[in-house]
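What follows is a single structure, and I will ask about it in a moment.
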Amino acid sequence: MIAWIREWLTQVILIILLASFSELLLPSQAMQRYVRVVVSLFLLLTLLTPVFELFTRQWDAEQVLAEAQTAGLKNGGLGPSDKAQPVLAPLAAVLSDAEKLKSEQAKEAQRLAEEKLGQEMKAGLARSAGIEARELAVTLEMDKTGSPVIGSVRVVLSHKEEAAQSEAESKSKVKPVTVEAVKPVTVSMDNAAGAPTASPKSAADTTAEANEARAECIRYMEKEWQVPRERLAISFAGAS
């Protein structure tokens with residue numbers, strides 16, 4: 001690049017010197033006028049050569065930067081005052097940093113999209129299916145065309161809809177039985193026709209409710225979000 005500029009300036013100077021000598025050698029004023037026109041055209045063409053080069057020459061950015069750095073080192077190198085000035089980084093390093101920044105931005109955008117989808121699904125479960133989800137995590141993947149698709153959904157239902165594992169475990173434990181002294185029994189006529197007290201739900205009832213909640217969650221995901229059953233992972237809070 002520097003050599004090309006030096007060559008261009010040399011051509012301009014030579015044409016100017018040639019024009020000056022031509023005027024001195026020509027005897028008549030008429031001939032000098034024609035020579036001036038021709039030399040002026042040559043000079044104009046030489047001055048416009050850089051403009052033509054900009055449109056016709058294939059510039060290599062890495063080569064231009066390398067030549068600029070080499071010229072700077074040859075003209076004096078790095079002195080004490082130049083140490084604080086940053087050195088131009090190679091183009092490959094700049095492109096690499098740009099790719100890293102682009103990748104980080106894409107990951108952040110994917111994370112925000114996953115959080116937004118999780119919130120929408122969680123609200124939809126409560127609104128449409130009446131199921132409270134304690135946690136709902138969505139994982140996005142890229143298909144063959146580069147478009148994001150739902151890869152997997154992990155749902156943790158709240159304690160009200162959990163399966164009967166915890167209740168069955170609590171019932172399987174043997175509890176000590178304490179016998180209290182018999183107290184006098186008083187019969188009141190007001191309670192004779194009272195309503196029977198509700199008995200706690202059995203493990204079978206709790207298991208049925210858990211299975212129903214799981215099936216309802218699967219139906220909602222398949223219908224509203226087109227998430228197939230094999231991509232769903234449904235568990236219950238507190239279940240091991």
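What residue, among those in the stretch 83-103 that are more than 17 Å from Leu65 (Cβ to Cβ) and either in a loop (DSSP other than H, G, I, E, B) or in the same structural domain as Leu140 (by TED's automatic domain parsing) (or both), is modelled with the highest pLDDT?
Lys83
Looking only at the stretch 110-136, count how many residues are part of a strand (DSSP E or B) and over 19 Å from Glu212 (Cβ atoms).
Counting residues in the stretch 110-136 that are part of a strand (DSSP E or B) and over 19 Å from Glu212 (Cβ atoms) gives 1.
Confirm whether Lys107 is among the basic types (Lys, Arg) and in a loop (DSSP other than H, G, I, E, B).
No: the conditions fail for Lys107.
The values are calculated or read from the model by the stated rules, or taken from the named source; none is laboratory data. Just so you know, these numbers come straight off a predicted model, no measurement behind them. No Cβ is skipped: glycine too gets one built from the backbone with ideal geometry, and neighbour counts run over all protein chains shown.
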